[in-house]
1. Dipole of the chain (Lys/Arg Cβ +1, Asp/Glu Cβ -1, origin at the Cα centre): which of Ala254, His367, Ile306 lies farthest to the positive side?
2. So how much slack lies between Thr108 and Ala166, counting 0.36 nm per residue of separation and subtracting their Cα-Cα distance, in nm?
3. Between Asn48 and Glu130, what is the label-to-label distance in nm when each label sits 7 Å out along the Cα-to-Cβ direction?
4. Using helices alone, I'd like the mean residue ellipticity at 222 nm for the chain: each DSSP H run of four-plus residues gives -39500 (n - 2.57), total over residue count, nearest 500.
5. Among Tyr330, Gly351, Trp62, pick out the residue whose Cα is farthest towards the positive end of the charge dipole of the chain, where Lys and Arg carry +1 and Asp and Glu carry -1 on C-beta, about the Cα centre.
6. What residues from the stretch 272-302 fall in the zone where the backbone N is under 18 Å from a label point 7 Å along the Cα-to-C-beta line of Ile371?
7. Tell me the label-point distance for the pair Ser195, Glu244, using the 7 Å Cα-to-Cβ offset, in nm and rounded to one decimal.
8. Stretched out fully, how many nm does the piece from Asn304 to Asn327 gain, at 0.36 nm a residue minus the Cα gap?
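What follows is calculated from the coordinates using simple rules that are stated; it is not laboratory data. These numbers come from a predicted model, not from an experiment. Note: ideal-geometry Cβ built from the backbone for every residue, glycine included; neighbour counts use all protein chains shown.
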Amino acid sequence: MNIIKSTTLLLFSSTILGCATNNDTVDSRLQNAEKQLTVLRTASLQENNIPRSTNKEGGIRWIETPYDWTEGFWSGTCWMLYEHTKDNQWKEAAIISQKLIEHHKDLTNDHDLGFIFNNSYGKAYRITGEEQYKQVLVDASNALITRFNEKVGCIQSWDVVGNWQAERGWRFPVIIDNLMNLEMLFEVSNITGDSTYRNIAIAHANTTMQNHFRPDGSSYHVVDYDPETGEVLHRVTAQGFADESAWARGQAWALYGYTMCYRYTKDKKYLDFAERIANFILTHPNYPEDGVPYWDFNAPNIPNEIRDASSGAIMASALLELSTYTNDKYLEPALHILNSLSGDTYTAEPGENGNFVLKHSVGSIPHGNEIDVPLNYADYYYIEALVRLKERRL
Ligand code: GLY
């Protein structure tokens with residue numbers, strides 16, 4: 001990117017962010033976030049644990065054992081703040097917290113290894129270039145690809161015996177979120193020169209494109225396959241309002257996922273698909289004025305439904321990347337979401353909200369879990385979006 005364009009953009013974005021937030025700039029938003037998360041960092045180091053959300057008493061909810069799909073986001077957040085501030089305390093916190101989860105790299109009973117390791121060790125490797133982080137990514141990718149089934153053309157998300165949702169009787173469930181695990185596979189192919197990882201990522205992206213979407217560009221949450229024939233058995237939901245609804249975070253993962261697939265492949269079909277998903281989101285009659293979606297686009301009591309700031313943050317970060325491939329076509333909606341998230345409605349006052357940055361996210365309403373709370377991944381994607389905006393770097 002040339003310097004003039006980059007400077008102009010920074011001014012433009014600062015102006016837009018400034019308009020509705022009393023002259024706050026991207027920098028000051030990052031500083032506010034850092035200040036808030038510094039308190040969380042102290043708590044995390046004292047507890048030697050990884051913050052996930054808040055509990056019913058308003059204290060910190062730490063990650064769950066034996067493993068937790070959100071456990072990589074905190075170290076990733078620390079890495080981003082280290083990269084932005086060059087303050088070694090963030091680097092130390094990142095290293096300590098990712099060490100706590102390193103032994104999960106060989107797990108083969110769940111698909112979340114990309115979420116966990118790409119956002120922690122992946123950030124570590126990209127930011128520091130240190131070889132020691134590479135092998136963890138390779139090991140985690142080797143574990144992840146054991147779940148790939150050639151007949152289906154996908155990586156299986158959840159085990160069907162003894163795992164979450166096992167009672168549903170599915171045979172080979174694949175959730176839309178799984179697209180996010182592909183980034184680690186693309187990265188590891190680049191790092192190692194072994195195309196196996198990339199080929200699996202492409203197969204998964206293509207099968208998902210074929211089976212997970214409705215004609216309007218919205219996505220189902222879960223597609224259950226026959227592992228012997230690859231036939232689609234069910235299209236349903238786990239965390240959305242209904243099987244035929246558009247769960248907000250699922251749409252956000254899809255948008256981010258296909259934008260990322262385009263980054264690594266330059267295959268235009270992924271770019272077109274990401275734009276189709278963006279179009280579904282941004283033109284939906286239930287997409288609210290402030291750009292931070294309701295937890296499900298088809299939730300029955302809109303406008304009296306809960307918002308999901310985590311979906312807004314993921315969408316903002318994805319739209320910023322998509323903008324770089326489309327002559328800034330999605331820059332304004334991305335800035336609009338960020339502007340809303342940065343205002344008083346969604347950004348916590350210092351010392352509140354368990355010292356997380358963003359309020360009003362949703363884990364899973366059907367499970368009565370984490371409703372209208374802060375979430376470590378909401379903060380992660382919010383900070384990623386701010387850093388992307390500031391540096392215009394992807
Ligand atoms: N990947 C799990 C979720 O988005 O809630």
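1. It is Ala254, whose Cα lies furthest towards the positive end.
2. Working: separation 58, 0.36 × 58 = 20.88 nm, distance 1.62 nm.
Gain on stretching Thr108 to Ala166: 19.3 nm.
3. So the two model labels end up 2.0 nm from each other.
4. On the way: 13 runs with 190 residues, N = 394.
Helix-only estimate at 222 nm: -15500 deg cm²/dmol.
5. Positive-most Cα among the choices belongs to Tyr330.
6. 294-302
7. Placing both labels 7 Å along Cα→Cβ, they lie 4.3 nm apart.
8. Values: separation 23, 0.36 × 23 = 8.28 nm, distance 3.59 nm.
Once the chain is fully extended between Asn304 and Asn327, it gains 4.7 nm.
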